[in-house]
Every structure is written in structure tokens, then in C-alpha cells.
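Read-outs: derived from the displayed coordinates by stated rules, not from any lab. What you see is a predicted model, and the numbers here were worked out from it, not measured in a lab. Cβ coordinates were reconstructed from backbone atoms using ideal geometry, including for glycine residues, and neighbour counts include every protein chain displayed.
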């Protein structure tokens, strides 16, 4: 034991003062692939649109003004609130929130079931959860579109069983978008909750049962407080990418179900795009995400302080 302690102390002293140097590769990666692109997007959001696409290096707040206000066709009318983009943001928020709720309702019992398996069964179930990620998200979303179209396998099966007489129209609806988001991000909810449940000491549930606590009381007063960090992490991992998703809205929702990600994508496509406006919308979305993450970080700090 003394030898191990001595060796650990020796290793610590060997790398003393080298922390910044050892972190340098990580800082370079984060700086080049995260900080630099976000900084460029921030700068672009304050530039002027070039008629044929791209930007003119002249400072302007027109992109943010376009998002919040409508000044008419020629830009000389009195400003009124631009509800079009606000509606798109609101649609994106409630679609992402709804996907998070559905993923939680399905993901929690799924994670609990997997975590309570024994032997190789647990590994098999985890393996099955990760299988969808072997296939590109674009291919999976197109497959979902094929599955739920009017002449797709789902409608044909329902008509074959006699449950319906006419196909149910699901493509280009909010339901299709919600289904795509749920299918895409469900594993993001399952895995963090599974990690929390796996660390749970089941003797607490046994103690609650010995004290005549009902299953509901045991769930809400004993289990949920312990696995709460995993639930919060899963909700963030589902809500944030759902908020900026564009494949599911584009392929399954159509033009009437535009979301933020689709709006941003449209601004950078072709020569008719508006790069400053797309950058401005991206920064507004990023600000919303930072608010959510900051709130989560503060709540976690309060819990740890207690």
C-alpha cells in the first residue's frame, strides 16, 4: 500500500504544472471546431446580405430586425411584429418539448427494464438500443417517410386488418414530425437514465416497502430523486437537438411544418440565401440553448451545495 501511495505521489509530482500543456490538444480542437465557427456565425449575423448570396462586409442589424419586425415589401413601412418567424420558433419549442416528454415516458421504463436485467441479457438490450445508430439519420428518416406514407406498409397493414377503410394521412403533418423526432432521439433519453438507474441501490426500495410505502410513493419519493440527474441529462440531450432538427421537419413535415433548423438551412442554400439572416437565427437559437443549459447548471450547483 505504501508503495502504491508513493508511486501515485511520484506520478503527481511528475506532471505538476503541465496541466495547461496536456489540455492544449483539447483546447485546439474546441477552439477550431466550436469557438471559431460560432464566432464566424456571430460576425456574419451583423453583416449585410449580398444580392447573389454571401455577405457584404458592412455592419448592419438588418438580419435581427428582419426576424422581429416586418417593414413592408420595400422596407419603408412602419415596423410591425413579424409573427412568421416567432411562430416557427414557438412550433419548434413545443415540438421539441413534446418529443422530450414522449421520449421520457417511453425511455424511463425502458431504461429501468434494461438496468434490472441480469447476466448477458443487459448487454443484449443495450446493443439493441444502439443498433439504429449504425445507420445514417438521413436514411432512417427517409425510411420512416416510406413507412408512414399513404400507400406505405403501415397503412396497408391497418387496411388489411380491417382497422381502417381508407389510408390515414400522416406525411406532412405535425404527427409525422413528432414521430421522426421521437424515433431519432429516444436512445438519448434511455442511456443517461440507464446509467443513473444502474447506480441505484435497490435496498432503498426494499426499505420503503418494509415501511409500507406504496409503489407510487417509492417511485416518486425514493427512486426519482436518485435518478433525477439522469432524467435531466436525457431531457437536455433530447430537447436541444430536437429544437434545431431539420431532417425530420423537411422530409416528414413539409413546408407547413417548418422548424428552426429548416429555416436556418434555407438561408444558406443556393444563391438566393440570406447568410446574415441565417446566422442571426442561429445565434438566437444558440442563445435559447445556452439559457436552458445555464439554468440546468445552476440547478445542479444548488443540489450539490445542499
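A compact table of results
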quantity	calculated
Listed peptides 106-114, 282-290, 259-267, 150-158 by packing density, highest first (mean Cβ within 10 Å)	259-267, 106-114, 282-290, 150-158
Peptides ranked, highest mean first, by Cβ atoms within 10 Å: ranges 116-123, 173-180	173-180, 116-123
Gain on full stretching of the segment that runs from residue 34 to residue 198 - 0.36 nm per residue minus C-alpha separation	55.8 nm
Pairwise label distance in nanometres, residue 224 with residue 124, each label 7 Å out on the Cα-Cβ vector	3.3 nm
Sites residue 175 and residue 27 - FRET efficiency at Förster radius 51 Å, r taken between beta-carbons, to 0.05	0.70
Rg(Cα) / (2.2 N^0.38 Å) computed for the stretch 83-305, rounded to two decimals	1.20
Full-stretch length increase - residue 42, residue 299 - with 0.36 nm per residue and alpha-carbon distance subtracted	89.7 nm
Computed FRET value (nearest 0.05) for residue 256 with residue 57, which takes r as the C-beta separation and R₀ as 51 Å	0.90
Computed label-point distance, nm, for sites residue 71 and residue 143 using a 7 Å Cα→Cβ extension	4.9 nm
Equivalent ellipsoid dimensions for the stretch 174-233 as semi-axes, Å, which come from the Cα gyration tensor, largest first	30, 13, 8
Exposure proxy ranking, count of Cβ atoms within 10 Å, fewest first, for 296, 212, 44	212, 296, 44
Label point distance in nm, residue 134-residue 93, each placed 7 Å from Cα along Cα→Cβ	4.0 nm
